[in-house]
Amino acid sequence: MRRPDHRPEVKAPPRWFFPEPARLWLDNGMQVLACHRPGQHVAAVSLVLDTPLSAEPGDVEGVATITQRCLDEGTTSNPGPAFAERLEDIGAVLSGSAGYSASDLLLEVPADRLDQALALLADALREPELRPDDVRRLQLLRLAEIDHTLANSANRAQVAFRAACISSRFRASRMAGGTAETVAAITSEDVVAFHSRYYRPDGATLVISGDLTNAVFDNAAAAFGGWQVPGTPVIHHQTPVPRRPHCWLIDRPGAVQADIRLGGFGIDRGDPRWADLQVGTHALGGAFLSRLNRVLREEKGFTYGVHLVNSPMRDGGLLAVQGSFRTEVVPEALDLARKLLDVTGRPITAAEVTDAVQYANGISPLRYSTAQGVTERIASLVAAGLSTEFINSNAVALTRVTPDSATQAVAELLPPDALTLVVVGDAAALRGPLVAAGWSVTLKP
């Protein structure tokens, strides 16, 4: 006698929502966002300063990076190595970066020592020593870092593509950490002046995630509430504009492969086409079996991998096909890439939209599954001038994308006949074939 089938019904998973953080405003103008995540016993803290790189004096670009890197080299209360030793004693790790839209410090520490870590973070922000010998050492390290970056073909292509797409009058067209010329000109006085002017609580946001107690806001207020900086500097966030399309060839004599960036100026998260573009870029070059990778890697064997990367800024962004190709196949690979980007003849399909939406919304719970993931993603939104409401609103917007809307967004932003191309490779072997293929090549140093 057969037993009845009592298998449980498998239902569709409920829609995931990001819970809004608790919020506190300190009297000095600092915003504190607290995200309680039970079980996350390593807390992650980010202090985001509303200081874009456009605030740097033009002749010492890179001073924001050097200033940020000096902060853990010693403070008035914990001079020299004593500061790093205090961090180590409580199991804390401090890092950070100076970005085009904001500077930030990221601190990770066992949650039960969060109060001590916040006090040390405030110490680094308020009274760093900024000794001339530390500035000089970090300056030399940054100069070596620039040499290393430009010696790598993929990095060189990325730097050149940014310059080729964004008008040179905007800070976003140049390396975040400054050029060799501007970094070499930085003095300790420049670092002290930059810190004095732009490291301030008003406009700053402190993001804290982890297994938090009810004392989290009290601890934040105790550490940062007394931080006061006189004056009110005007913070101006630039809105970059694109350049006309370029084709730049950067010589790497004897190179057997070429690094390619093909694309143009894109959009930021505030653009109404953002969700459509997310879906379109996933279908074309965001997954292993996307159109670009399937043809150029799987069918042709031209490359180990190719991607269409969507990199938003606070205002605008960059869209680029990225990959390394054997020198002899570069013209054919570019021709195929342009044809694959032309979605007017082969629109984005319903299946591609479904796959992209399921992927984007499906991995969101994983992206926010750790305290570090929560803090870093909220900090990136703050730097972009967005609130955490964007997380849920974007998830909903993705479900409303249609094949037509995704196709239209890609067609508008990646017109195949108006793309910027940067190729880093053997110019002697590449220039003739590229010109023959119709590219108006400009050799760049």
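Numerical summary
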{"quantity": "Descending semi-axes in Å of segment 247-444, equivalent ellipsoid built from Cα gyration tensor", "calculated": "32, 18, 16"}
{"quantity": "Selected from 299, 181, 352 as most flexible by GNM, with the chain as the system and alpha-carbon contacts under 10 Å", "calculated": "299"}
{"quantity": "Neighbour cut-off at most 16 other Cβ (10 Å), DSSP loop, trypsin sites (Lys or Arg not before Pro), segment 1-85", "calculated": "2, 11, 15"}
{"quantity": "3J(HN,Hα) from dihedral phi, segment 301-309, Karplus parametrisation 6.51/-1.76/1.60, rounded to Hz, x for glycine, proline", "calculated": "x, 7, 7, 7, x, 9, 9, 9, 9"}
{"quantity": "Added length on full extension, which subtracts the Cα-Cα distance from 0.36 nm per residue, residue 328 to residue 9", "calculated": "109.3 nm"}
{"quantity": "Cross-link reach list, aspartates and glutamates versus residue 444, counting only Cα pairs under 13 Å and skipping chain neighbours closer than eight places", "calculated": "251, 426"}
{"quantity": "Pairwise label distance in nanometres, residue 435 with residue 168, each label 7 Å out on the Cα-Cβ vector", "calculated": "2.3 nm"}
{"quantity": "Principal axis dimensions, segment 22-224 - Cα atoms, whole angstrom, descending", "calculated": "49, 35, 32"}
{"quantity": "Kirkwood Rh and Cα Rg combined as Rg over Rh, evaluated for the chain", "calculated": "1.01"}
{"quantity": "For segment 104-147, fraction of C-alpha pairs farther apart than 17 Å, in %", "calculated": "54 percent"}
{"quantity": "Packing-based order for 208-220, 44-56, using average beta carbon neighbours within 10 Å, highest first", "calculated": "44-56, 208-220"}
{"quantity": "Beta bridges per DSSP with both ends in the chain, % antiparallel, nearest 5", "calculated": "75 percent"}
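Rule-based calculations on the coordinates, nothing more; no lab input. It should be emphasised that the depicted structure is a prediction, and the values quoted were computed from it without experimental measurement. Using ideal geometry, Cβ is built from the backbone for each residue, glycine included, and neighbour counts are taken over all protein chains shown.
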